[in-house]
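Notes for the one structure printed next.
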4 protein chains.
Amino acid sequence: MYTALKETVLAANLLLPQHGLVTFTWGNVSQIDRRRQVIAIKPSGVEYDQMKTDDIVIIDLNGKVLEGKLNPSSDTATHIELYKAFNSIGSIVHTHSRYATIWAQAEMDIPALGTTHADYFYGDIPCSRRLTDQEIQTEYEKNTGLMIIDEFKHRQIDPNAMPGMIVAGHGPFCWGKDAFDAVHNAVVLEEIAMMALQTRQLNQSIKIQQTLSDKHYFRKHGANAYYGQK
Amino acid sequence: MYTALKETVLAANLLLPQHGLVTFTWGNVSQIDRRRQVIAIKPSGVEYDQMKTDDIVIIDLNGKVLEGKLNPSSDTATHIELYKAFNSIGSIVHTHSRYATIWAQAEMDIPALGTTHADYFYGDIPCSRRLTDQEIQTEYEKNTGLMIIDEFKHRQIDPNAMPGMIVAGHGPFCWGKDAFDAVHNAVVLEEIAMMALQTRQLNQSIKIQQTLSDKHYFRKHGANAYYGQK
Amino acid sequence: MYTALKETVLAANLLLPQHGLVTFTWGNVSQIDRRRQVIAIKPSGVEYDQMKTDDIVIIDLNGKVLEGKLNPSSDTATHIELYKAFNSIGSIVHTHSRYATIWAQAEMDIPALGTTHADYFYGDIPCSRRLTDQEIQTEYEKNTGLMIIDEFKHRQIDPNAMPGMIVAGHGPFCWGKDAFDAVHNAVVLEEIAMMALQTRQLNQSIKIQQTLSDKHYFRKHGANAYYGQK
Amino acid sequence: MYTALKETVLAANLLLPQHGLVTFTWGNVSQIDRRRQVIAIKPSGVEYDQMKTDDIVIIDLNGKVLEGKLNPSSDTATHIELYKAFNSIGSIVHTHSRYATIWAQAEMDIPALGTTHADYFYGDIPCSRRLTDQEIQTEYEKNTGLMIIDEFKHRQIDPNAMPGMIVAGHGPFCWGKDAFDAVHNAVVLEEIAMMALQTRQLNQSIKIQQTLSDKHYFRKHGANAYYGQK
């Protein structure tokens, strides 16, 4: 019944090790079918090279398993909160990719330093606040999602113009219109996180010009975009 | 009619992911046929592993498409200006290769620190000034080309002895006598950008001896070269 | 007689170059059969791509060779001491993997900076003290093992919650319930050593929240674990 | 007549790109046949993937070509001087491998910081002085060799216990008893150069204990070695 959705989510999960974003079973991709109100998500702790279509778990927005024999990702509750709050997103990717995780461990926003960043992310990529001890001890994964949402509201950031962020002490969450788009953004985030860290070794205070950031973001996004075909 | 030219440009574009210089569709190679006054250039936003000979776009020096169904690279106007100003170059390569981009983001010239650099680039590799807001907002890609040319004139650098540079906040442009030569220079630029960054972690102020730079550059270039065969 | 054990140890040794943890013949994996009181260990200085099942050496807990024509790893005496003192471990891995070795050379504990670390290692990963000149000159490899044990006792660290450490000026030793588990931990150690070093470039003093470390460690280990299947 | 020698030198040269030590045609390996007083060396500027046995050039100790149609490596004169002065070496490798070159560009000795270093190189790896302008302008490659020899004499270093060094502003030269041994040392040099650089990011002043360095060097070299088989 959900075969096409599960195949897409499997294929997108398999892209994570191909792009060097995950080690072992770390990381997970989910995709939502908004019409049917179901989410397909990677099972918890299963090796990528052994994962099959039927290992992908189908859940509803309360986290109830509708199809599949395995436990869904331990981060499922985070995904659910993000889907509920960010209506326009169709897929979520979580990894511990090295450089994005390094910025998360440093608990610092990833500064916008070049056009590679501006082509995809409009402005500095936010690093969340720490969770409180209570938020960690009770419903940790759900509270992680709520904190991300709160961070975007508080800073008045549009999740469509900022398709990812990093959770303090943990690592990146990215999203997109579908699973391939979300994985694409996760790859870009890792690339710009690496370049930002090394740029900071050369120059502690540089930032991209706002006009240049605008130019690059809007030549690829929105009504006046002219990058690509059509 | 332009099949051989398009095949060359396709092959050179495919070298970019092979050498680890590009992610996704980033980067582009063009080559000019100076006798026929046409340029072959990568289409905008097409995946490398799906690109075919007929996807390469043929344009004239006004940017008019002569052959091909796809839009040419969004950086086409930059290429055109460089071909018009630098008469001796036959090909241009633009990438967001990591370490060259890092120096561009830091808005610093890549200092000449060793013979690997001196074998190919005569002197520090210039990082451009920033574009003005107006230059960004109107004819951005064309103005990028004009700024590069201006930078070389202003600093009195010969584009034959300096087959590439970096644009502030953006990334590298390289060139060469043909598309394979230009890609070769782009690979070397990335290599020396990486080594220069790490050298600066050990030693903040070192520079190559001028005599040693001269020796290595001129044993490979010019009338008295003795490196290689013939 | 020990074929299955030797096959396991061979397979685990071959994972080391696959994961990029070793160069040439560096590194070694052993596994103990506690019922029979024998250890299977990699031979000394043999190339990985030529190693066969029968090259794996079977020794007893006094280091006496029971089966095999080759000399066991020069680090055998270290392995033996660890097996004698840490009753719960079934396998030991020693490598000179780059980033773990870098922290060992810097003679600094690897600080717990994120959830990737907390998922596997509970607290900072200890770097041992230096051996005394006498400990080096007489029974060096045995004394390395005794020093590791002493370090864990002195700091009151449970080897089950800290499946590895680094020896000052040398490199990492990891362990696990079997050879694949121990190699798994060696891969993770390298990953978190890399991320910790780069995190320190951005932020000199940050540490993971204790509550977050507890949460991640105990959602994967112990009676209340809920990560993975079952 | 020199087929076996040429095949060895070809095979050793091909190991350089396999180990990631060279880009394009950079780097060269030679081997001497001391009985016949001939050297086999890589031709200058030939691509590795097109190199054939007969492209390897046979020269005598005056640099005269005895066999082969191509020009020998432009660094030939350096190799010749080293063979004449260091009687015990059978092969020389020169590369621009990244991290060894970085230390050469920084014009700093590579400090002995761990047992990986001590297993192969006894003490800090010397970085040469700069050549004088005159040494560069006349017989540059020969003078590079003479300077290396002078550096070893001046510092009283035994080339058997220090199978390589770095030339200021240039890159590494390594040697060994034969071409495979010399390439092996070049790989190790790159590895320890990388780890030394990163160790210095964590700890500016640490050095390996002398006793530990002695222990590791002498458990692999000399009369009392016990590493490996026999």
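The values are calculated or read from the model by the stated rules, or taken from the named source; none is laboratory data. Keep in mind the model is a prediction, meaning the values are calculated, not measured. Please note: Cβ atoms are built from the backbone with ideal geometry, for glycine as well, and neighbour counts cover all protein chains shown. Surface accessibility is based on the protein's heavy atoms, side chains included, excluding ligands, DNA and RNA. Shrake-Rupley method; radii C 1.70, N 1.55, O 1.52, S 1.80 Å.
Listed values, structure above:
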{"item": "Table column - 3J(HN,Hα) (Hz), region B:163-169, Karplus curve with 6.51, -1.76, 1.60, x for Gly and Pro", "result": "x, x, 6, 10, 9, 3, x"}
{"item": "Chain B: most fluctuating residue of B:K42, B:K142, B:K69 per GNM, C-alpha cutoff 10 Å", "result": "B:K69"}
{"item": "Nearest beta-carbon to the D/B symmetry axis - residue in chain D, distance in Å", "result": "D:Q201, 5"}
{"item": "Restricting region A:19-98 to GluC sites (Glu not before Pro) in coil, as DSSP defines it, with at most 15 other Cβ within 10 Å", "result": "A:E47"}
{"item": "Given charges at Cβ of Lys, Arg, Asp, Glu: chain D dipole, positive-most of D:S44, D:T76, D:H221", "result": "D:H221"}
{"item": "Heavy-atom accessible surface of region B:107-217: percent carbon and sulfur, 1.4 Å", "result": "46"}
{"item": "Hz values of 3J(HN,Hα) by residue in region D:115-131 - Karplus curve (6.51, -1.76, 1.60), Gly and Pro given as x", "result": "6, 4, 5, 5, 5, 10, 10, 8, x, 4, 8, x, 9, 5, 5, 6, 6"}
{"item": "Shielding of A:167-175 by partner chains, average beta-carbon count, 10 Å", "result": "4"}
{"item": "Residues losing 40 Å² or more accessible surface upon assembly, region D:64-89, compared with the chain by itself, 1.4 Å", "result": "D:N71, D:S74"}
{"item": "For region D:175-230 versus region B:35-83, the gap between their alpha-carbon centres in whole angstrom", "result": "52"}
{"item": "Average accessible surface area per residue within chain B, 1.4 Å rolling probe, Å²", "result": "38"}
{"item": "Region A:3-220: Rg to Rh, with Rh as the Kirkwood radius over Cα pairs", "result": "0.96"}
{"item": "Loop trypsin sites (Lys or Arg not before Pro), region A:13-46, which have at most 11 other Cβ atoms in a 10 Å radius of their Cβ (DSSP)", "result": "A:R35"}
{"item": "Chain-alone versus full-assembly comparison, region C:196-222, residues with accessible loss of at least 30 Å² (1.4 Å probe)", "result": "C:L197, C:Q198, C:T199, C:Q201, C:L202, C:I206, C:Q209, C:T211, C:L212, C:K215, C:R219"}
{"item": "Structure-based [θ]222 nm, chain A - -39500 (n - 2.57) summed over DSSP H runs of at least 4, per residue, nearest 500", "result": "-12500 deg cm²/dmol"}
{"item": "Karplus-derived 3J(HN,Hα), 6.51/-1.76/1.60, for each residue of region D:34-48, Hz, glycine and proline x", "result": "5, 5, 8, 6, 10, 10, 9, 9, 4, x, 7, x, 9, 5, 4"}
{"item": "Exposure ranking of B:D178, A:D49 by accessible area [1.4 Å probe, largest first]", "result": "A:D49, B:D178"}
{"item": "Spin-label pair D:H19/A:D150, simplified geometry with 7 Å Cα→Cβ offset, distance in nm", "result": "5.4"}
{"item": "Calculated FRET value between C:K84 and C:T132, using beta carbons and R₀ = 25 Å, to 0.05", "result": "0.70"}
{"item": "Max mean-square fluctuation residue, GNM over chain A, Cα-Cα springs under 10 Å, options A:V93, A:V188, A:V29", "result": "A:V188"}
{"item": "At most 14 other Cβ within 10 Å, DSSP loop - GluC sites (Glu not before Pro), region A:137-230", "result": "A:E139"}
{"item": "Difference of contour (0.36 nm per residue) and Cα-Cα distance, B:K52 to B:R34", "result": "4.1 nm"}
{"item": "Fluctuation leader among C:D133, C:D181, C:D55 - chain C, Gaussian network, Cα springs under 10 angstrom", "result": "C:D133"}
{"item": "Where D:Y122, D:Y227, D:Y2 fall by accessible area, highest first, once all protein chains stay in place (1.4 Å)", "result": "D:Y122, D:Y227, D:Y2"}
{"item": "Pairwise label distance in nanometres, A:N160 with C:K142, each label 7 Å out on the Cα-Cβ vector", "result": "7.3"}
{"item": "Accessible surface buried upon C-A contact (total; probe 1.4 Å; Å², nearest 100)", "result": "3100"}
{"item": "Neighbourhood net charge (11 Å Cβ-Cβ; Lys/Arg +1, Asp/Glu -1) for B:L146", "result": "-3"}
{"item": "About the Cα centre, charge dipole magnitude for chain D (Lys/Arg +1, Asp/Glu -1 at Cβ), debye", "result": "560"}
{"item": "Cross-link pairs D:K52/D:K142; C:K69/D:K220; D:K42/D:K215; C:K177/D:K220 - those with Cα-Cα distance over 30 Å", "result": "D:K42/D:K215; C:K177/D:K220"}
